[in-house]
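Asker: Questions regarding the structure given below will be posed in turn.
The values are calculated or read from the model by the stated rules, or taken from the named source; none is laboratory data. What you see is a predicted model; the values in this text were computed from it and never measured. Cβ sites come from the backbone with ideal geometry, for glycine too, and all protein chains shown count toward neighbours.
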């Protein structure tokens, strides 16, 4: 069995937090370690938990955006895979240009989030 990948959700909207947690509850190979509304909260979790995946929004509570936070998260957790999960289609190129961001997904494509995380984590996709 593949080891469980620990996930952190960095999102300031409680409804979207719930959606992401619900999506990942469909695969028991993922464990949600926590939810942070800000980059600072995510950085603290990354310092204290061995993370596999971070689902990162761009517009966050606090001073840093998702794109600004990504390199800082990679400094603290260099092996983590970061998915920028946002409503801002215009950020696709900025995300592609930021080496710390491993994948970009629009929130309107949330049905693809689990399969994308499974791929980044090196897992096979489990049928629903």
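Asker: Of the residues 73, 106, 113, which single one is under 11 Å from residue 8 (Cβ atoms), at pLDDT 95 or above, within 14 Å of the chain's Cα centre (by Cα) and surrounded by 14 or more Cβ atoms within 10 Å (Cβ to Cβ)?
Answerer: Criteria check complete, one pass: 73.
Asker: A follow-up question, please. Is there any pair linking a residue in region 115-128 that is at positive phi and assigned to a loop (DSSP other than H, G, I, E, B) to one that is loosely packed, with under 15 Cβ neighbours inside 10 Å and at pLDDT below 85, with Cβ under 8 Å and at least six apart or on different chains, and which?
Answerer: 122/2
Asker: Okay, next question. Report, by residue number, each residue of region 34-48 that is surrounded by fewer than 18 Cβ atoms within 10 Å (Cβ to Cβ) and farther than 13 Å from residue 74 by Cα.
Answerer: Correct list: 34, 38, 40, 48.
Asker: Turning to a different aspect of this structure: Please count how many residues of region 54-69 are within 11 Å of residue 10 (Cα to Cα) and in contact with a strand residue (DSSP E or B) (Cβ under 9 Å, 6 or more places away or on another chain).
Answerer: Going through region 54-69 one residue at a time, the tally reaches 10.
Asker: Further question on the same structure: For region 19-34, indicate whether the set of residues that are free of Cβ contacts under 8 Å to residues at least 24 places away in the same chain and either over 23 Å from residue 124 (Cβ atoms) or in contact with a helix residue (DSSP H, G or I) (Cβ under 6 Å, 6 or more places away or on another chain) (or both) is non-empty.
Answerer: No.
Asker: Determine whether residue 59 is under 24 Å from residue 99 (Cβ atoms), under 14 Å from the mean Cα position of the chain (by Cα) and surrounded by fewer than 18 Cβ atoms within 10 Å (Cβ to Cβ).
Answerer: yes
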